[in-house]
Structures are given as structure tokens and as C-alpha cells.
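What follows draws every value from the coordinates through simple rules; no lab data is involved. Small disclaimer: the values here were computed from a predicted structure and weren't measured. Here the Cβ positions follow ideal geometry from the backbone for every residue, glycine too, while neighbour counts run over all protein chains shown.
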Amino acid sequence: MKEQSEETPQGPLPVVDFLKIPEDGDPYLEGFRCTSCDAVYLADRAACSKCGARDTLKTTRLSTQGNLYVYSIVHRSFPGIEVPYVSAIVDLEGGGTLKGNLINIEPDPEKIEMGMPIEVVFGDALGRVDRDGNTYLSYFFQPRG
Ligand SMILES: [Zn+2]
């Protein structure tokens, strides 16, 4: 595997639209918060589906702290994807719910607790490369220490 250099001019590309990579700074997740009712969404929309207000969604930086809402242990996946892994849905502190892989934990139901505190971490998207050779940055969840 090729070493990834910090000086790569292109840098990694975000694997999803709501993952933001600032020129100088750490990556973060961005959502949309309703200024009327505080509901948080990962994608922009014309009207808030919680309170119905229009044009009230403003971008917001999502927390990297959250709690495990639900998970499943995946035993079969696409070729090249290592199994088993833990697919999880996490509620972020301050709002926002998203799906991702829970890493740095044994894929064993005895080791994974509902509601357990997790943090969002960022890393290479499992070796995924586009046809121009760009790598991708993804987000993962891991147990909070
Ligand atoms: Zn609202």
C-alpha cells in the first residue's frame, strides 16, 4: 500500500457531502439547524419537517460526541470489504443522527452497549481511490475512552 503524504496537493476528498475538510484545520461534519425549533438535518431542505418553518435552516458544525442509537454486525459485504464490521446509527450531541461504521471495538454483541458514548473520528476511507488517484476521507465512530 502507498504511503499517504501530508503534502499531496489534492488531499483526500470527502466521502460524503456533509464531511467538510477545511484548508487549514481538522475535518468536521456539517449539518443544517432549524433556527426556529433547533432540529438538525444532514442535508438542506426547503422547509423544516419538524416545525414546518421555511428558510430557517442554517449550516452548523456537528458535534464529534454522541451515543450509539442502534447497530448491526455485518457479516457479508462487497468483495474487498473486511467483515465482520459494525454498522451503527449514532445520535450526536446537540442534534444530528447519522449512520457509519463503529470501529476499534470487537464486532461482538457482548462488547457493544446501546447508548454507549462514542466519538466521531476521521480517516482514510478503507483504501478507496477514484480514477484520478485521489483518496477519500471518511468518518467513523469509535467508543469514547
Ligand atoms: Zn424547525
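Structure summary
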{"quantity": "For Ile103, distant residues with modelled amide H under 5 Å away", "calculated": "Phe141, Gln142"}
{"quantity": "Dipole moment magnitude, nearest 20 debye, the chain about Cα centre, only Lys, Arg, Asp, Glu C-beta charged", "calculated": "640"}
{"quantity": "Whole-Hz couplings from phi, Karplus 6.51/-1.76/1.60, listed for segment 41-51; x for Gly and Pro", "calculated": "10, 8, 10, 5, 8, 6, 9, 6, 7, 8, 10"}
{"quantity": "Relative packing of 136-144, 108-116, which averages over residues the other C-beta atoms within 10 Å, highest first", "calculated": "136-144, 108-116"}
{"quantity": "Cα gyration tensor shape for the chain, rounded if a/c is under 1.5, else prolate or oblate", "calculated": "oblate"}
